[in-house]
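First comes the structure, then the notes that go with it.
Every number in this text was worked out from the coordinates using simple rules, so none of it is lab data. All of these numbers come straight from a predicted model, not from anything done at the bench. Cβ placement follows ideal geometry from the backbone for every residue including glycine, while neighbour counts extend to all protein chains displayed.
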Amino acid sequence: MHKYLVKRTLMMIPTLFGAAVLVFFLMHMIPGDICQLRYAGSGGSFDAGLIERCRAELGIDRPLVVQFFEWIGGFFVGDFGTSMWTDRPITEEIAPRAALSLQVAIMATLVAVLIALPLGAISAVRQNSWIDYTVRCISIAGIAMPSFWLGILIMLGLLWVSNAIFGYGWIPPIQYVSPIEDPIGNLTQLIWPALATGYRYSAVATRMTRSALLEVLREDYIRTARAKGVIEKLVVNRHALKNAMLPVVTVIGIEFAFLMGGLVVTEQVFNLNGLGKLFVESVTNHDYTMTQSLVMLVAFIFVLMNILIDVIYAWLDPRIRYS
Amino acid sequence: MTAVVAAAEPAEKSRLRRLGRMCRRQPLGAISGALIVLMALVAVFADVVAPQDPLKMNFIDQLVGPSATYLLGTDELGRDILSRLIHGSRTALLIGFVSAAVGATLGLVLGVTSAYLGGIFDLVFQRVMDVFMAFPLIIMALAIVSVFGAGTWNVIIAITIPFVPKCARVVRSSALALREIPYIDAARAAGFSHARIVLRHMVPNVMAPYLIMVTSFIGQAILLEASLSYLGLGVQEPTPAWGLMLRGGAEQFFESAPWVAIFPGLAITLAVFAFNLFGDSLRDALDPKLRSL
């Protein structure tokens, strides 16, 4: 197991290096740069030397290869650089946004797991009944519905309901407060995006739970369990569900990694200042260092999640031995 | 002459009967298939079906609610929402079909080739695919659109690229099992070229996962296009597109004119719903084992 983990961790390096190369050259392919945007963006007259000086200051007038290796080299000594746009350290810019994105991702995962496991299980146990059909339709609708549109609908619903009850329209607060300082204020802001994304997430997980459980329920050892007189509830909960968890864990893990960086549109709807928004801003500002660091962070979470999934596999199913 | 007619009739009948049996066995698949056909017809005949010009602005009838003249109301520029939805189905289906077909086909060929060649090529290819998989879809699209600019065809490129590794990975795992079957060795022994073995002998045998991927990609592509257009990185005004219709006025006036925000979202949901349901039924019919797609 330890050997396997070391091997997997080493395998991360080529993937992350590839992602670094990809994002670096992709970013530099975008026409224009940050200095042009800063001084020539507004269209007013400016000193041509100003742009040159700005480029020299940021070091983006040097050969790309030099810039690339300087950036990559920084990672090995824990120096992630400073944002070209705000001039503040990358870590300082990313940390509060990552905290927000992480919280939404965790809450959405909770919502998804709480919905998906019972619904998926009941749908599989009562296959082809009206419950099954309803659950399947709800979950396919969840995958079909754009979560940003669901977000708009949630806002609309909140407005209507608050208008009917309090007589004035209420929408979630825009200012982020830390969950430690003000848990209720924090929850009133973040529960809605968590629900909007959690629904889609739960739809994917429900479908996986259902089909995995259906497959397991046809196994011989389930028949054995039933034959020796184990009550149906125990057969499903103890014998079947745990063995059906492997693909469900995969789906939940991958979706979680996706949520950390892919919430761009939902953040826009709810006006959240998370990683997704930072990403859009840094791409439009030509903030190379910031965009590159963000991509590396998201790619890192993704590969880490994949390793974590494999570890959970071995824990869930003792037959799986990595060597 | 009569013999020909007599021979043709049972064939016709059995085809109808087969269709009827398919509908009974996969009722959801039949319904979603009908929905897709309907959508395609609406898209093709948009000019005839749409009650109004989707681009015509009317500053007297701004944000009018659903009525007899404007069945689904008008937007903030007084454009008929129903007509814009009908024309928007063209954009959605064009982007959906093209990016799904191109992305999945490239993935198909690359995945099968990688499995067939094996060795160092397969290893390197897989690492490259890993890199693309680790890149979140929407961020990939964001970068591509910033390089090539927004617009329908660039959106198609942006959406197609992430589909390639997704399909390649699934197809590769099917093709790996295929490579071990003796008929591939037989083909090699008969002196067929690598290209011929990959294209003529292996590709047709991984058609089931491929077709399922294509249908699920169409739905995903429509969703992605809507997200990108909503962010302002996709299809540009005045082209009618569903995601674009949710941008701007839809958000600004969603309290006083909720129809502007509700109907385009319904159209997206219905379209993706139909393709997903169809993909599900296709999977059940073709290969129930491919549940992880």
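Listing for the model above:
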{"item": "Distant-in-sequence amide H partners of residue A:82 (H built 1.01 Å from N, under 5 Å)", "result": "A:90"}
{"item": "Ranked B:251, A:52, criterion: other C-beta atoms within 10 Å, fewest first", "result": "A:52, B:251"}
{"item": "Cα lying deepest toward the dipole's positive end in region A:1-112, options A:106, A:4, A:26, charges on Cβ", "result": "A:4"}
{"item": "From the C-alpha gyration tensor of chain A, square roots of 5λ in Å", "result": "44, 28, 15"}
{"item": "The protein assembly as shown: calculated mean residue ellipticity at 222 nm from DSSP helix runs of at least 4, using -39500 (n - 2.57)", "result": "-24500 deg cm²/dmol"}
{"item": "Between 0 and 90°, nearest 10: helix A:183-217 axis offset from chain A longest Cα axis", "result": "50 degrees"}
{"item": "Chain B, dipole about Cα centre (Lys/Arg Cβ +1, Asp/Glu Cβ -1), debye to the nearest 20", "result": "1320 debye"}
{"item": "Inter-chain shielding of A:16-22 (mean C-beta neighbours from other protein chains, 10 Å cut-off)", "result": "4"}
{"item": "Nearest-ten-degree value, helix B:119-134 long axis tilted from longest Cα axis of chain B", "result": "20 degrees"}
{"item": "Cysteines not pairable in the protein assembly as shown (beta carbon separation under 4.7 Å absent)", "result": "A:137, B:23, B:167"}
{"item": "For the protein assembly as shown, the fraction of alpha-carbon pairs in successive 20 Å shells from zero, as %", "result": "16, 49, 30, 4, 0"}
{"item": "Lysine pairs in the protein assembly as shown with Cα atoms under 27 Å, if 8 or more residues apart or on separate chains", "result": "8"}
{"item": "Number of partner chain Cβ atoms within 10 Å, mean per residue of B:222-229", "result": "3"}
{"item": "Order of B:156, A:312 under a 10 Å beta carbon neighbour criterion, fewest first", "result": "A:312, B:156"}
{"item": "Peptides B:27-40, B:72-85 ordered by average Cβ neighbours within 10 Å, highest first", "result": "B:72-85, B:27-40"}
{"item": "Taking chain A and dividing mean pair separation by its residue count, relative contact order in percent (alpha carbons under 8 Å, at least six apart)", "result": "27 percent"}
{"item": "Among A:164, A:196, A:19, residue whose mean-square fluctuation peaks in a GNM of chain A (springs only between Cα atoms under 10 Å)", "result": "A:164"}
{"item": "Listed residues B:186, B:258, B:227: farthest to the positive end of the dipole of region B:116-259 (Cβ charges)", "result": "B:186"}
{"item": "Cβ-based exposure ranking for A:88, B:247, A:210, in which fewest neighbours within 10 Å come first", "result": "A:88, B:247, A:210"}
